[in-house]
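The block underneath contains the structure these notes are about, expressed in structure tokens.
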Amino acid sequence: MYGLASCVPSLVPKLVTVRIAPVETVLRPSRLVLAALFALVGLVWIGQGVGLIGGSVMTGSAFWAVVGAVLLVVAVVILVIERRRPAGG
């Protein structure tokens, strides 16, 4: 039995250690995608609110232009925060 136990470790393959990325690194691309989506929707709402994009109930309503501008500002704030954050987290 003692001889068999000394052989077993050589039969077991070496385990590979996997480094898991920090949560901040994983979330960074999703924040950038979210900011881009906010910017796109904000621009569309601004366009509808000022009447550049027609065919909607939102067309010509200043409310949607203001909401779109606020959403665009939120997108810029997210981008600025993510750009200032170090790449490692």
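All of the numbers you see were taken from the coordinates with simple rules; none came from a lab. What you are looking at is a predicted structure, and each value in this text was computed from that prediction instead of being measured. Backbone-built Cβ (ideal geometry, glycine too); neighbour counts: all protein chains shown.
Return the sequence-ordered ³J(HN,Hα) values of the stretch 32-41 in whole Hz as given by the Karplus equation 6.51 cos²θ - 1.76 cosθ + 1.60 applied to θ = phi - 60°, using x for Gly and Pro.
Ordered by residue, 3J(HN,Hα) equals 5, 5, 4, 5, 5, 5, 4, 5, 5, 5 Hz.
Find the all-direction average of the projected area of the Cα convex hull for the stretch 21-84, expressing the result in square nanometres with one decimal place.
Numbers: hull surface 18.2 nm².
Its Cα hull, projected and averaged over all orientations, spans 4.5 nm².
Place the peptides 44-50, 67-73 in order of packing, highest mean first, counting for every residue the other Cβ atoms within 10 Å and averaging per peptide.
Numbers: 44-50: 19.3, 67-73: 17.0.
Those peptides, ordered most packed to least, come out 44-50, 67-73.
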